[in-house]
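A quick write-up on the structure given underneath.
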Ligand SMILES: [Zn+2]
Ligand SMILES: [Zn+2]
């Protein structure tokens with residue numbers, strides 16, 4: 001049974017509805033999936049229903065923005081029964097994400113006459129296009145050629161994740177465990193592009209000490225060296241090994257690597273404990 005436990009619907013920045021995600025997963029021959037939208041669980045109800053109707057095995061998930069050693073990282077939470085406290089963390093993180101766009105436009109309106117906070121507040125975009133509001137606004141107001149160019153503008157105006165109030169990894173893991181869930185480090189290859197394996201290992205050890213449950217070892221942009229290192233680390237530390245292709249639907253079309261099910265891993269290749 002092929003597994004892909006990391007994909008997005010249009011409730012965060014993907015372009016598919018939850019049902020379309022499940023239909024496509026079926027077409028791709030996947031047998032076990034999860035939607036892990038950024039800081040929102042709005043897709044859960046529709047996703048669960050579609051999985052049940054179409055006979056797909058699934059686990060409920062979410063991808064949280066967190067802070068780890070002053071850096072912004074993503075944590076995947078799975079198989080939790082959301083309580084009020086965890087719901088509040090998810091909601092606050094989503095608000096922080098939205099606030100980044102508001103703050104960016106506040107800075108930009110000084111430089112561009114045709115941008116304003118009021119205009120931004122009133123602005124809406126078609127969720128089926130994927131992505132977040134800020135990058136659509138910049139694109140529609142003629143500031144960028146492609147949607148993804150908008151991310152550079154956030155950097156140019158010094159709007160960084162690390163300056164916003166996202167939970168620490170430790171807080172998030174604690175909360176996920178209180179909800180009976182599992183906490184997995186998402187795509188380590190995105191944070192460790194220029195690090196030695198011993199530096200990666202030191203961070204992993206730290207995450208083990210705060211009770212992380214697993215690592216997304218298989219991910220489209222991971223080098224073979226990193227993948228092998230992660231798998232070995234998980235085996236030695238009795239951690240879960242997961243696979244995720246981070247499909248965003250039409251948004252990830254150009255980046256051919258982020259295609260749903262592009263890594264073929266059978267459930268028996270992994271160490272899942274759901
Ligand atoms: Zn991520
Ligand atoms: Zn993701």
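The values are calculated or read from the model by the stated rules, or taken from the named source; none is laboratory data. This is a predicted model, so every value here is computed, not measured. Heads up, the Cβs are rebuilt from the backbone with ideal geometry, glycines too, and the neighbour counts pull from every protein chain shown.
The figures follow:
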{"quantity": "Checklist (1) over 25 Å from residue 31 (Cα atoms); (2) in contact with a helix residue (DSSP H, G or I) (Cβ under 6 Å, 6 or more places away or on another chain); (3) at pLDDT 95 or above; (4) assigned by TED's automatic domain parsing to the domain that holds residue 9 applied to residue 192, failing item", "calculated": "(3)"}
{"quantity": "Those residues of region 215-251 which are touching a residue at least 40 places away in the same chain (Cβ under 8 Å) and not in a strand (DSSP E or B), in sequence order", "calculated": "219, 220, 230, 244, 245, 246, 248, 249, 250, 251"}
{"quantity": "Failed criterion for residue 85 (all others in (1) assigned by TED's automatic domain parsing to the domain that holds residue 214; (2) at pLDDT below 95; (3) exposed (fewer than 15 other Cβ atoms within 10 Å of the Cβ) hold)", "calculated": "(2)"}
{"quantity": "Residue 152 more than 16 Å from ligand 1 (Cβ to nearest atom) and either farther than 14 Å from residue 64 by Cα or assigned to a helix (DSSP H, G or I) (or both)", "calculated": "yes"}
{"quantity": "Of the criteria (1) surrounded by fewer than 24 Cβ atoms within 10 Å (Cβ to Cβ); (2) within 13 Å of ligand 2 (Cβ to nearest atom); (3) part of a helix (DSSP H, G or I), which one residue 21 fails", "calculated": "(1)"}
{"quantity": "Residue 246 within 19 Å of the chain's Cα centre (by Cα), buried (at least 21 other Cβ atoms within 10 Å of the Cβ) and under 20 Å from residue 170 (Cα atoms)", "calculated": "no"}
{"quantity": "Only listed residue being touching a strand residue (DSSP E or B) at 6+ places or on another chain (Cβ under 6 Å) and in the same structural domain as residue 179 (by TED's automatic domain parsing), chosen from 200, 208, 231", "calculated": "231"}
